[in-house]
Structures are given as C-alpha cells and as structure tokens.
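Undergrad: Once you've had a glance at the structure underneath, I'll fire off some questions.
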Amino acid sequence: MKALLSVYDKTGIVEFARKLHAAGMELVSTGGTFSALKRAGLPVAQVADLTRSPEMMDGRVKTLHPAIHGGILARRDLPAHMAELKQHGIATIDLVAVNLYPFEATVSKPGVTLEDALENIDIGGPAMLRAASKNFPAVTVVTNPADYNWVAERTRNGGPSQEERRRLAAKAFQHVAAYDSLVARWLRGADAEFPAELPLSFRKVTGLRYGENPHQKAALYAEMGVRGGIVGARQLGGKELSFNNLLDAEAAWRVVSDFAEPTVCVVKHNNPCGLASHDDLAEAYRRAYEGDTVSAFGGIVGFNRTVTAQTADAMRKIFYEVIVAPEYAPEALEILQKKRDLRILAVPLVTSVGGQAPDLRRVSGGLLAQTPDEIAEDPSTWKPVTERKPTQQELAQLAFAWKTAKHVKSNAIVLVNDMALAGMGAGQPNRVTSVHLALRAAGEKAKGSVLASDAFFPFPDGLELAAQGGVTAVAQPGGSIRDAEVIAAANKAGIAMVFTGVRHFRH
C-alpha cells in the first residue's frame, strides 16, 4: 500500500508519515515534503521514481502523470482496471494527503506581483485531491492536519471505513471548491460585479452555542480573501460571542464606520437607539446613551476611535453585552475588563481580494446580490424645496440625521438634536407610525429637532405630525406624486425641507 504526501502546510506531516510507515505503508512524496521526511530519517520515494520522469518547468509538472493518477483512480473492483495497472507497471496509491499552495495569503499581500500570484495557483494538488475523492471507495484523501491522527490510527487497524472516506472526500472537494472560487474572484477583479456564476468561499471560524433562538444551530464563517471586520476582531475580554451578539456588533460597527467625526453608537436588536458625534469621545458616549437610556440596557456600543479611560469610566454603571472599537487605551481596557461578562472587540478595517464583496441576502432557492449602500453625498447639493431654507446649523444636523437614517430599518424616521439621535421609528409598515414612534421616544428633545426620512413622504400626514412635535427641518429623498402637498404642509408649519434625491431603504 502506498501513501502519497504532498503538502504546503507541513504541520504534523512528519509524525503522520511516521505512523503511516509503521502501519506498513510505502511513502511517496514531492519537493519540500520529500525533503522534510528524508531529514526525519523516513524511507520515502520521490514521485519521479514512480513516473520515471523528472519534475519539469520549475515544478509546474510533476504529479500530472498516468503513474500517479492511474494509481489513484483505478477501481479496485474492476479486473480490467487492475490489469491495465499491471500492464503499465503502475502501483495503486491508497492514501493521498495534500494541501494547496498559499494563494490566499499570497494575493493578500500589498503589492503582490502577477507572477507571484500565478505561481501560487496550484494545479497538481487539486487534480490529485479530485482524483482521490472521486475514488473514495478505495482511496483515503486527507487535506486537514487535524485529521492526521485519527486517519493514522484507522490505517493501523485496517483503514478508515467507506463512510469515513466519503466524509474525507467531501472535505477535499470543499477545500478545492473554496480555493478555486478565491482564484476566480481574484482573476475577475473588481470590475465584474455580478458574474454569470458566483462561487463563494468561506472558512469556518467557530461553532456558536445556538442561532437567533436556542433551538437553532449556528456557526461563524469568514469569507476567504476578506480580512478584518467583525469576523476578524480580537476579543479582549468577556464571554463567548453569540449569534445575536455578532449581528448587533456588526450593526454598531457599520454605523460608526460611516462617520468621519468621533462617533459613538448604541445598538439594540440591529437598530441604533443612541448615536452621537462629538470631539470629546466621552461626551459623545454620554449623548449617545442619553438618546434612549431604557433601550441602551443590554445593548452593544460601537466607537470609531480608540476608547479612552474617561470613556470607559463613563460606561461603568451600565450593563452592555458587547463593545466594538478599533482599539482601546490600556487604562480603558483595565476598567472594561473588570466586567467579566462584557465582550470587548478590537475590530480591524476590512481588506478584500478582488474588490469589494457584494451585499448578499438569502431568499428561498438562491441569493440576492447588490453593491453596498455606499454613495458620496454632499449636503450642499441637496435641493431646498420650502419657502424657508435650512440654517447652516440645521443643515449640519440634517446631514447627521440623514447618515443615521441609512442604518435604521425601513420605514426609517430619525430625529436629531444637538448632533445626537433623539428618537427614531424603525421597521414599521407605514411612515406615519414611524414618525409617531420617533416623537414618543424623543419626548421633549423633539422640540427644535431635525428629521430625516429614508424614503419620501407619500402623504402630508407624517410631516404634519412631525411639525406638531416640534421638528424644524426635514431631509427626505422626494419623488412622491404628492410632493407638492407635503411641501405645502411644510410651508404652512414653517419647516425647512430639502430633497436629497437619494433613497436609503434598509429592509
């Protein structure tokens, strides 16, 4: 019996080979793997000894040979196949251990050259994995060093069962499919936003205790070729993250990442319930918290600046599930880590191979794909449509409110006062109910506030309700067949209103 070992990641390969040899398997290898086994004193043949052909073209051609693929693919239950092997002097290969060139790591390096990238596209490795997987009834295929120990133990005791070999074959095809999808993504680049076929590649990071509800199973996956973000965060304290923690942490991080000014966001159930910008981060936190002190309890807090000791101190008395920030001052971390259950995440910026990844949503039977909701917007270009134009202070507040509304579930209504979220209505089946909820949440802070609506007002009733609550200025996309009626209602109430010309639905 023969084992063919050809791995880029040599973790555990020597010990694996030693156990296979002790189980009676002949070892065959290539390149660096052969050298590692030879240095360890193991009896190992080179692939060239089987093929009787030298490695060619700097190793590009070495295992692509009938002596290799015939030995892997021959069906042991077909006498004709076995006779052909004997006729051509080819021995069976019964175990294949392969992992692939580091294409992902290579193309993720800044300034990688085309030559380096192409040289790290593995050809022989995937071919051997596919061949061994196709013939799993007779061949054991191993791609993950985590499987070495149990596979070696099974080999010593007669070999893995057919069902175990089937599962290993599935792993191998998954490994190759993920690898190929990453290569395809890199080759097509950022220009092909919606290719005719969209292969996706994800790597499991960890299992989760459960999903949105305890009866649902769940896991966290990282997209291959994408680094950073919530999936790439370092956890600096607290309990294990849950499925819902991760969803809310992502929402908080997306919100604060959209603001250039020092900004703090409090998220509850995927919606911002508190949000504020201020040059003093501790003051920004206090204003965000005061936006909705009831909902803040048990929420997630996001920062787009390094958390200071003063900011951490301001959070001492409030229970939060998760904090996300780019970094933490040592003194701040010391304060926060005293809360043993508080999950503390340091989130790096996202980098991506092959351009920005599309926004994907599951639907039954497939996926919806879209470009991210990112567009350069200049408030100075917004169209004033009322008799009274917004003041410079109102325009600045409207810009803040408009950016906030983009992150609130539709129908989204946001009230802002003093560069802080005063109240919001989210996820309602009609806009006037969202206005009502935003006013109720804001209370007295609604007086003198500005309002942003993620889509147009279909009727004047929502705007009239806002006017009764004390709103002084409104930003909305415009485009309703009743725009004239809404503008008339704003003029009657003395409200300044601008049309942005852009909609920001978030379903």
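The values are calculated or read from the model by the stated rules, or taken from the named source; none is laboratory data. In this text, all values refer to a predicted model and were calculated from it rather than measured experimentally. When we count neighbours, we look across all protein chains shown, and the Cβ atoms used for this are built from the backbone with ideal geometry, even at glycine.
Undergrad: I'd like the full set of residues that are touching a residue at least 60 places away in the same chain (Cβ under 8 Å) and either small (Gly, Ala, Ser) or in a loop (DSSP other than H, G, I, E, B) (or both), limited to the range 1-21.
TA: 1, 3, 6, 8, 9, 11, 12
Undergrad: Is it fair to say residue 47 is modelled with pLDDT of 85 or more and under 23 Å from residue 120 (Cα atoms)?
TA: When the stated conditions are applied, residue 47 does not pass them.
Undergrad: Let me ask you something else. Spot the failing condition for residue 139; the list is (1) surrounded by 21 or more Cβ atoms within 10 Å (Cβ to Cβ); (2) more than 17 Å from residue 224 (Cβ to Cβ); (3) in contact with a Ser or Thr (Cβ under 6 Å, 6 or more places away or on another chain), and only one is missed.
TA: Failed condition: (3).
Undergrad: Next question, about the same structure. Please work out which one of (1) touching an Asp or Glu at 6+ places or on another chain (Cβ under 8 Å); (2) at pLDDT 95 or above is the condition residue 265 fails and give its number.
TA: Every condition holds for residue 265 apart from (1).
Undergrad: With the checklist (1) in contact (Cβ under 8 Å) with a residue 24 or more places away in the chain; (2) touching a Pro at 6+ places or on another chain (Cβ under 7 Å) in hand, flag the one item residue 279 doesn't pass.
TA: (1) is the only condition that residue 279 fails.
Undergrad: Could I ask something else about it? Could you check the range 22-35 and list, in sequence order, the residues that are in contact with a helix residue (DSSP H, G or I) (Cβ under 6 Å, 6 or more places away or on another chain) and either more than 18 Å from residue 125 (Cα to Cα) or not in a strand (DSSP E or B) (or both)?
TA: Passing the criteria: 23, 30.
Undergrad: Collect the residues in the range 370-395 that are over 21 Å from residue 454 (Cα atoms) and surrounded by 14 or more Cβ atoms within 10 Å (Cβ to Cβ), keeping them in residue-number order.
TA: Correct list: 388 only.
Undergrad: Regarding the range 346-366, can at least one residue be identified that is part of a loop (DSSP other than H, G, I, E, B), more than 30 Å from residue 108 (Cβ to Cβ), outside the structural domain of residue 323 (by TED's automatic domain parsing) and aliphatic (A, V, I, L, M)?
TA: Looking through the range 346-366, none of the residues is part of a loop (DSSP other than H, G, I, E, B), more than 30 Å from residue 108 (Cβ to Cβ), outside the structural domain of residue 323 (by TED's automatic domain parsing) and aliphatic (A, V, I, L, M).
Undergrad: So, in the range 228-256, exactly how many residues are surrounded by 18 or more Cβ atoms within 10 Å (Cβ to Cβ) and either closer than 22 Å to residue 416 by Cα or not hydrophobic (A, V, I, L, M, F, W, C) (or both)?
TA: The number of residues fulfilling the criteria is 13.
Undergrad: Considering only residues that are without any contact (Cβ under 8 Å) to a residue 40 or more places away in the chain and among the hydrophobic types (A, V, I, L, M, F, W, C), look in the range 475-507 and name the one that is nearest to residue 361 (Cα to Cα).
TA: Restricting to residues being without any contact (Cβ under 8 Å) to a residue 40 or more places away in the chain and among the hydrophobic types (A, V, I, L, M, F, W, C), the top hit is 481.
Undergrad: Out of 389, 406, 447, report the one residue that is within 30 Å of the chain's Cα centre (by Cα) and not assigned by TED's automatic domain parsing to the domain that holds residue 302.
TA: Within the list 389, 406, 447, the selection yields 406.
Undergrad: Inspect the range 304-312 for any residue being in contact with a Cys (Cβ under 9 Å, 6 or more places away or on another chain), part of a loop (DSSP other than H, G, I, E, B) and crowded, with 17+ Cβ neighbours inside 10 Å and give the result as yes or no.
TA: yes
Undergrad: Output the residues belonging to the range 332-367 that are touching a Ser or Thr at 6+ places or on another chain (Cβ under 8 Å) and farther than 24 Å from residue 103 by Cβ.
TA: The answer is 332, 359.
Undergrad: Specify which of the listed residues (300, 335) is within 24 Å of the chain's Cα centre (by Cα), of a type outside the set (Phe, Trp, Tyr) and either at pLDDT 95 or above or assigned by TED's automatic domain parsing to the domain that holds residue 400 (or both).
TA: 300
Undergrad: Find the helices (runs of 4 or more DSSP H) located wholly in the range 52-144 whose residues include 1 or more that are over 21 Å from residue 32 (Cβ atoms), of a type in the set (S, T, N, Q) and out of contact with any helix residue (DSSP H, G or I) (no Cβ under 9 Å at 6 or more places or on another chain), and list them.
TA: 79-87
Undergrad: Let me ask something else about it. Can you tell me which of 431, 440 is farther than 15 Å from residue 385 by Cβ, among the basic types (Lys, Arg), in contact with a Gly (Cβ under 6 Å, 6 or more places away or on another chain) and not assigned by TED's automatic domain parsing to the domain that holds residue 296?
TA: Sole residue among the options that is farther than 15 Å from residue 385 by Cβ, among the basic types (Lys, Arg), in contact with a Gly (Cβ under 6 Å, 6 or more places away or on another chain) and not assigned by TED's automatic domain parsing to the domain that holds residue 296: 431.
Undergrad: If I ask for residues that are in a loop (DSSP other than H, G, I, E, B), under 24 Å from residue 399 (Cα atoms) and over 21 Å from the mean Cα position of the chain (by Cα), which ones from the range 267-297 would you list?
TA: 278, 279, 280, 291, 292
Condition check ((1) touching a strand residue (DSSP E or B) at 6+ places or on another chain (Cβ under 8 Å); (2) part of a loop (DSSP other than H, G, I, E, B); (3) free of Cβ contacts under 8 Å to residues at least 40 places away in the same chain) across all residues:
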{"position": "321", "(1), (2), (3)": "yes, no, no"}
{"position": "331", "(1), (2), (3)": "no, no, yes"}
{"position": "335", "(1), (2), (3)": "no, no, yes"}
{"position": "377", "(1), (2), (3)": "no, yes, no"}
{"position": "386", "(1), (2), (3)": "yes, yes, no"}
{"position": "394", "(1), (2), (3)": "yes, no, no"}
